[in-house]
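Notes to accompany the following structure.
Nothing in this text is a laboratory measurement; each read-out follows from the coordinates by a stated rule. As the structure is a prediction and not an experimental result, all values here were calculated from the model. Neighbour counts run over all protein chains shown; Cβ positions are idealised from the backbone, glycine included.
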Amino acid sequence: MITKEQIENMINEVKVGDAPLNNNINLIDSGVLDSFSILVFMTDLKTKYDMHISMDDNISGIFSSVESIYNYIKDKE
């Protein structure tokens, strides 16, 4: 199972800019993640952990925070 720390590390690898992750911000609304970084994250997730996030799912909801990404993945396992 993937951990929140692993998710944070993956986000840090693909995020836009160099601002530190903050649990109180929306990752998309704040500009930490953009459409390209989300696609890279999804590709890395598939490659490293064999986990898939469907483009039919609520991407903006899933990628709003580390917690929401973690919960989505946890529910899929």
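Overview of results
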quantity: Counted charge near H52, where neighbours are those whose Cβ lies closer than 15 Å (Asp, Glu -1; Lys, Arg +1); calculated: -2
quantity: Relative contact order %, the chain, counting alpha carbon pairs below 8 Å whose residues are six or more apart; calculated: 38
quantity: J(HN,Hα) series, region 36-41, from Karplus relation 6.51 cos²θ - 1.76 cosθ + 1.60, nearest Hz, glycine and proline x; calculated: 5, 5, 5, 4, 5, 4
quantity: Rg to Rh quotient for the chain, alpha carbon positions, Kirkwood Rh; calculated: 0.91
quantity: Principal-axis tilt of helix 4-14 within the chain, Cα atoms, nearest 10 degrees; calculated: 60
quantity: Electrostatic dipole magnitude of the chain [Cβ: Lys, Arg +1; Asp, Glu -1; Cα centre; debye, to 20]; calculated: 80
